[in-house]
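Written below as structure tokens is the structure these notes are about.
The values are calculated or read from the model by the stated rules, or taken from the named source; none is laboratory data. Owing to the predicted nature of the structure, the values given are computational and were not obtained by experimental measurement. Because the Cβ atoms are built from the backbone with ideal geometry, glycine has one as well, and the counts that use them run over all protein chains shown. Protein only, heavy atoms only, side chains kept; ligands, DNA and RNA dropped before computing areas. Shrake-Rupley method; radii C 1.70, N 1.55, O 1.52, S 1.80 Å.
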Number of protein chains: 2
Amino acid sequence: MKRASIKDIAEKAGVSIALVSYVLNDKFVNRINKETAKKIKEIAAELNYKPNKIAQSLKSNKTNTIALLVADIANPFTSQVARIIEDETSKRGYMLLIGSSDENEEKLKQLIDLFQKRQVDGFIIAPVENSESIINNLVETKAPVVLIDRPIDNMEIDSIVTNNFEISYQAVNYLINKGKKNIAIFSYKKNLENLKNRVEGYKKALKDSKIYLDSEKIIYIEESKTQSEVYKAIDELNLMTTDALFFTSNKLAIAALKKLSTLDIKIPEELALVTFDESEAFDIFRVPLTHIKQPIKKISKKAVELLIEKIENTNLLQQQIVYNSEIIIGKSV
Amino acid sequence: MKRASIKDIAEKAGVSIALVSYVLNDKFVNRINKETAKKIKEIAAELNYKPNKIAQSLKSNKTNTIALLVADIANPFTSQVARIIEDETSKRGYMLLIGSSDENEEKLKQLIDLFQKRQVDGFIIAPVENSESIINNLVETKAPVVLIDRPIDNMEIDSIVTNNFEISYQAVNYLINKGKKNIAIFSYKKNLENLKNRVEGYKKALKDSKIYLDSEKIIYIEESKTQSEVYKAIDELNLMTTDALFFTSNKLAIAALKKLSTLDIKIPEELALVTFDESEAFDIFRVPLTHIKQPIKKISKKAVELLIEKIENTNLLQQQIVYNSEIIIGKSV
DNA sequence: CTGAAAGCGCTTACAG
DNA sequence: CTGAAAGCGCTTACAG
């Protein structure tokens, strides 16, 4: 049995489809016969009528749909963001479609293409490496776009990110103030502004404290081999001289914790740990981890707010918004 | 500037929209003038034409879209499932829409309603408590539906689940064989078949080994207060007499590990641990956790396969498929 | 080899 | 107070 359409209701009620449409959308209520309206509504309920959004969208040229393109939906940071964005969009009458680019620019491109064909009203994107031109092409089609998490330099585009440089600077300073002098940093071998800024914050902190910057202590991991390369790096680090590790991502920290939990090292006395972002694992490690907590809620909410403003009201000025992270003190320093 | 439509291309090429449609869809290639076809394709590329899927869907009455309704997208088990299902659906030319019901039947109902209005072609659902009638209503609209993870008793519906009863029986037997006799089980205060079957497996194992079933050792947690109630339960359990804990969900285990990592108890000597499902946290605990690994990949793939079969080929027989889990031996027993 | 026309399920300006 | 008609962007059976 086919789904009921407005036409079925019209026939059954002996009225025109226009009238059915008006009644079901509560339009011109004041000049439609109350009896007729009531009858139409009853028949609609009886037939379990559900408006076909596809048809509505074709007419209105609006799908009330927003695409969220993340780099990796399996990352707990990302899934938290997705959760909040979903709440926000649905509160505002939009539906969220989620795509995961798996840190792959080609997949990002395909997703954008797919979502455009499906006529999404706007995009919230956490760009991947080397995706500048893809994003640029999208923006040129006049599609509303807001970037989160990962800024792109020198691009006229709305973005909402955290203070990656400053908070990393503060975190490393915190380590220094606790007497740590041989601080290694783990990051990804990736051309991403947010990661680069975190490393720069680290460097600046050392420099300002006149600590020698040993390039061997800046460890760049190949993302696809996170686990094995982190293991190897820890093996090769001289843990007798290294007294602190700073991780620019929770995935890196998790990999390191797996390794460290097999070693006999006193934390934080012999080795202090600080990481970006959170994970359930951090509370279960020998000592709870000191970590940098991004204002996920603020970032996510603002992204939705800004995007919907842009959708409903073109020609707004570009905004680059920065919300500050905070350092959550655990017992690993 | 508006997006280019088939009509724009037709005008620019001086042909009919029908011809444009045929060319872009590679239909009747053998009887369309090669030159004309080439010209049309060039103009389409030049105008950056992207077919409007909304219009296509209205015509074809098919959206090539599948809804996945999970209970909690933040659960690592769920996000893994979502990831694999997404891969499978996109491989087969479908797009996945994800909705999270947050274990709330009212929200599940709203999501179903929303997705139906958006004309999804089918549903994969992990039902929440008390959602039998909601699911039933959906099935009665002839919508293709496949259940995963959580079976519903006495319902004619396709489902793909794991052997909850048997694997729990085996896991508890494993504890018993290791000499454990005072085994407590943690589960949720929820009317869900999968959880009930896990508890039944536990009971049967004790019974078959003629171990007295102490009802105080069956601990039902209120999900919204998982952390605090698990803490309280562990405080109240006599850990001198209890020698093993069995968790029916990873969330329960995580909550317990947080508590246990603050206590001075030898694991597994004084207390053994086994849990359902996985978490990054399990590798980082003092000892890696022995846990039950569900065949997520098999379940997810089959769910997509079955659903698409049902979409493209109505009147298939109902299938209730069970895939076996396995016990992953860690060092917590 | 190509085009005119109907129709998918809606909305809405207009006429009466 | 109500309805006929156009149109959103496509596809496709049919005619020529």
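List of remarks:
- Criterion violated by B:Glu200 - all others in (1) farther than 30 Å from B:Lys301 by Cβ; (2) open to solvent by 50 Å² or more (accessible area, probe 1.4 Å) satisfied: (1)
- Residues satisfying the stated conditions in the stretch A:135-159, i.e. among the charged types (D, E, K, R) and in contact with a helix residue (DSSP H, G or I) (Cβ under 7 Å, 6 or more places away or on another chain): A:Asp149, A:Arg150, A:Asp153, A:Asp158
- Condition check for B:Thr78: polar (S, T, N, Q) and either within 30 Å of B:Leu307 (Cβ to Cβ) or in a loop (DSSP other than H, G, I, E, B) (or both): yes
- The one condition in (1) outside any helix (DSSP H, G or I); (2) modelled with pLDDT of 95 or more that A:Leu213 fails to fulfil: (2)
- Close pairs from the stretch A:61-78: first more than 9 Å from chain B (Cβ to nearest Cβ) and open to solvent by 10 Å² or more (accessible area, probe 1.4 Å), partner within 16 Å of DNA strand D (Cβ to nearest atom) and of a type in the set (Gly, Ala, Ser), Cβ under 9 Å, at least 6 apart: A:Asn64/A:Ser57
- Some residue of the stretch B:280-288 being open to solvent by 80 Å² or more (accessible area, probe 1.4 Å), within 14 Å of chain A (Cβ to nearest Cβ) and either in contact (Cβ under 8 Å) with a residue 24 or more places away in the chain or polar (S, T, N, Q) (or both): yes
- There is at least one residue in the stretch A:69-85 that is more than 16 Å from DNA strand D (Cβ to nearest atom), in contact with a strand residue (DSSP E or B) (Cβ under 8 Å, 6 or more places away or on another chain) and farther than 14 Å from A:Ala126 by Cβ.
- Of all residues in the stretch B:215-258, those being open to solvent by 60 Å² or more (accessible area, probe 1.4 Å), in contact with a helix residue (DSSP H, G or I) (Cβ under 7 Å, 6 or more places away or on another chain) and among the aromatic types (Phe, Trp, Tyr) number 1.
- Total residues in the stretch B:1-51, condition in a loop (DSSP other than H, G, I, E, B), near DNA strand C (Cβ under 7 Å from one of its atoms) and either among the polar types (S, T, N, Q) or within 14 Å of chain A (Cβ to nearest Cβ) (or both): 2
- Among the candidates A:Tyr49, A:Tyr22, residue that is under 42 Å from the mean Cα position of the chain (by Cα) and more than 8 Å from DNA strand D (Cβ to nearest atom): A:Tyr49
- Residue within the stretch A:259-275 that is open to solvent by 70 Å² or more (accessible area, probe 1.4 Å), more than 14 Å from chain B (Cβ to nearest Cβ) and not basic (Lys, Arg) present: yes
- Any pair with Cβ under 6 angstrom, 6 or more apart, that starts in the stretch A:104-125 at a residue that is without any contact (Cβ under 8 Å) to a residue 12 or more places away in the chain and ends at one that is surrounded by 22 or more Cβ atoms within 10 Å (Cβ to Cβ) and in a loop (DSSP other than H, G, I, E, B): A:Lys107/A:Ser101
- Subset of the stretch A:289-327 [in contact with a Lys or Arg (Cβ under 6 Å, 6 or more places away or on another chain) and surrounded by fewer than 14 Cβ atoms within 10 Å (Cβ to Cβ)]: A:Leu316, A:Glu326
- Among strands (runs of 3 or more DSSP E) entirely within the stretch A:88-180, having at least 2 residues that are under 27 Å from B:Glu86 (Cα atoms) and either open to solvent by less than 20 Å² (accessible area, probe 1.4 Å) or within 14 Å of chain B (Cβ to nearest Cβ) (or both) singles out A:95-100, A:122-125, A:145-148.
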